[in-house]
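Report on one structure; see the data block that follows.
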Amino acid sequence: MRQRLLVIISLIVVVVILVLLNAASYVKVEPTADSETTPDRSTFNAGATGTRALYDFLHESGYPVGRWRESTASLLSFNGPKPATMVVIGDTQVSFTKTESKELLHWVEMGGRLVIIDRTPDMNLLPATGEWTIQTLAMNFPWPELNPNDFDQMTRDAKPVSPSQPTLLGRNVEQIMPSRFAAAITIGRHDSSKTGNKRGSSHQQPSIERDEDDDDNFPPVTPSPEVKVKRNEPKGSPAPVTTFRNERGALLVDYAHGLGRIVLLSDPYMVANNGINRADNLQLAINVIMGDGGMVAFDEFHQGHAYTHNALIQYFEGTPVLAICGQLALIGLAIVWSRGMRFARPLPLPYVDRRSSLEFVASMAELQQRAGAYDLALENIYARVRRVLVRHAGLNNSSPRAEIAARVASRSKLNQKQLESLMRSCEDTINGARTTGRESLQLVKRLRAIESKLGLQGRARDAKQEKIEI
């Protein structure tokens with residue numbers, strides 16, 4: 001008991017020391033302020049460069065919006081609901097791989113709608129359309145000391161922009177307010193010698209081209225139900241459509257890709273928390289993101305919020321709770337190991353004799369039956385009955401059977417001749433006289449009957465004999 005008390009006290013002291021060390025070594029990580037040089041465009045970010053305000057407004061206004069936290073491969077699977085529009089904002093924390101870009105564009109080819117809001121978008125997400133190519137050119141770049149919450153620093157020398165032509169993306173929008181860092185979208189055209197007869201097919205549905213080195217096996221292009229309904233409508237030109245432009249170039253462009261469309265807005269400031277409330281930026285964001293309706297998904301997988309970790313672990317990430325739990329687990333393993341170790345010589349297990357006296361009797365009876373040794377079985381029983389009769393008669397073991405029978409008959413109601421005849425038959429069988437199993441069984445039954453009449457059977461017989469001896 002004393003050893004256990006010492007072990008328990010030692011464990012308590014170790015736990016207290018570990019808790020104190022974790023509390024002393026824990027340093028609270030202060031959240032870094034948002035910066036335009038390293039912006040966080042996630043819808044979870046409520047800072048200046050985040051898009052939490054836009055997402056909350058759309059969600060509370062009843063628009064079908066959600067956060068997409070799975071890989072682009074899930075867009076091509078046939079399990080679960082799929083969004084109609086995918087929104088990628090800013091320079092993502094996790095870059096798009098070549099395979100992910102192909103999967104996303106293939107989803108657009110099948111009728112999806114991709115909205116890209118970035119100053120320097122990934123060119124793998126901006127494929128050529130017909131004879132046209134899309135590129136962006138940034139003239140100004142933010143510096144580290146720039147305060148994203150300072151409206152004057154963000155919009156100096158920038159002017160409000162009105163729609164350049166009436167489109168669905170510009171409805172109910174009079175002016176938008178971009179930042180001074182907005183990129184200019186340039187639309188180029190392929191050389192006619194390279195495009196061949198593509199110019200004459202401008203009013204046909206653009207063919208879906210594949211790279212020669214594309215070894216990915218994508219499912220066949222199957223248009224969505226909305227696209228099937230619109231097939232009978234007149235087909236538009238594959239040329240990009242510009243809705244807003246300033247003196248440096250276009251700010252908002254959209255164009256067809258396969259059965260879907262790609263929308264490019266060159267300034268995330270207009271949808272970020274620090275610029276969404278300027279001019280008609282909010283209305284523009286609604287037009288660009290919601291489009292023709294349907295489920296809208298904001299890409300959070302590439303913003304670093306993918307479903308890759310346990311939610312409980314993410315909740316305690318950055319705190320000493322995880323370290324404390326790990327140390328407690330090690331202490332528990334140490335306790336289990338120490339409890340399984342011996343501190344002295346092993347004690348022998350208590351011996352319990354599970355054998356019954358009837359087991360010996362049953363085994364001997366089976367051996368004698370198989371061997372046909374009826375005389376041996378009768379000898380074991382007769383010898384015990386004769387000793388009982390001798391004691392009952394008050395004689396010794398060397399007394400003749402006639403005298404024993406006479407004395408027992410005089411003390412009981414037994415017939416002397418029958419008792420003496422029984423004793424003679426038993427002794428003859430024991431001495432080698434021929435007998436059968438049936439005859440031996442009859443002799444045993446007569447012996448047991450005598451014991452029963454004299455009241456000397458079983459434990460009662462032993463107890464009575466002990467009393468007589470006393």
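The values are calculated or read from the model by the stated rules, or taken from the named source; none is laboratory data. Every value quoted in this text rests on a predicted model; they were computed, and no experiment measured them. Quick reminder, even Gly has a Cβ in these numbers, built from the backbone with ideal geometry, and neighbours come from all protein chains shown. All accessible areas refer to the heavy atoms of the entire protein, side chains included, with ligands and DNA or RNA removed. Shrake-Rupley method; radii C 1.70, N 1.55, O 1.52, S 1.80 Å.
Observations on the structure shown:
- A simple spin-label model places pseudo-atoms 7 Å from Cα toward Cβ; at L168 and E145 they are separated by 4.7 nm.
- When K82, K98 are compared by accessible surface with a 1.4 Å probe, the order from highest to lowest is K98, K82.
- For L5, the solvent-accessible surface with a 1.4 Å probe is about 100 Å², rounded to the nearest 10.
- Ligands, DNA and RNA aside, Y63 has an accessible area near 80 Å² when probed at 1.4 Å.
- Translational diffusion of the range 251-291, estimated by Stokes-Einstein from the Kirkwood radius over alpha carbon pairs at 10 °C in a medium of 1.306 mPa s, is 145 µm² per second.
- Ranking of I331, I8 by solvent-accessible surface, largest first: I8, I331 (1.4 Å probe, protein heavy atoms only, all chains present).
- Overall shape of the range 390-443 was characterised from the C-alpha gyration tensor. The equivalent ellipsoid obtained from it has semi-axes of 23, 13, 8 Å, in decreasing order.
- Taking all protein chains as shown and a probe of 1.4 angstrom, S95 keeps an accessible surface of around 80 Å².
- Its Cα gyration tensor gives the range 335-420 an equivalent ellipsoid; the semi-axes, largest first and in whole Å, are 54, 19, 10.
- With a 1.4 Å probe rolled over the protein heavy atoms of all chains, the accessible area of L20, L447 falls in the order L20, L447, largest first.
- Separation of the range 348-389 from the range 133-192 is 109 Å, based on Cα centroids.
- Whole-number D in µm²/s for the range 8-138 (Stokes-Einstein; Kirkwood sum over Cα pairs; 25 °C, 0.890 mPa s): 132 µm²/s
- Neighbour-limited loop hits for chymotrypsin sites (Phe, Trp or Tyr not before Pro), the range 44-117 (at most 12 other Cβ within 10 Å; DSSP other than H, G, I, E, B): F78
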